[in-house]
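Worksheet for the structure shown next.
Derivation of every value follows stated rules applied to the coordinates shown; laboratory data play no part. From a predicted model like this one, the values you see are computed outputs, not experimental measurements. Backbone-built Cβ (ideal geometry, glycine too); neighbour counts: all protein chains shown.
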């Protein structure tokens, strides 16, 4: 199928599909006319890529589990590599949240101190 049809079937744009190709997530062959031609399995692949990107994973993350992307991630038994990647990214997010919560507390304390200083009203 051509790029426009794949975009329509997956609810994405041709620009996004080209980006996925540039990132090494999707491949196409060129027909004799120079047009990109995609295998029917590209539909599942693109849906999986979109799902993973929407979940906050990066192209680099997704490349790590490329072997898991040929089947519908939502409908199949979980791929071990995908589960491990999600766990790793979740730990990273939780660490960032802890760091931000700590920063928030320090900023709130500083702001309270500034507002309670001489001649300032809260």
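In this structure, is residue 61 more than 14 Å from the chain's Cα centre (by Cα), in a helix (DSSP H, G or I) and farther than 23 Å from residue 8 by Cα? Against the criterion (more than 14 Å from the chain's Cα centre (by Cα), in a helix (DSSP H, G or I) and farther than 23 Å from residue 8 by Cα), residue 61 does not qualify.
Scanning segment 3-47 for residues that are closer than 20 Å to residue 62 by Cα, surrounded by 11 or more Cβ atoms within 10 Å (Cβ to Cβ) and out of contact with any helix residue (DSSP H, G or I) (no Cβ under 8 Å at 6 or more places or on another chain) yields 19, 21, 39, 41, 44, 45.
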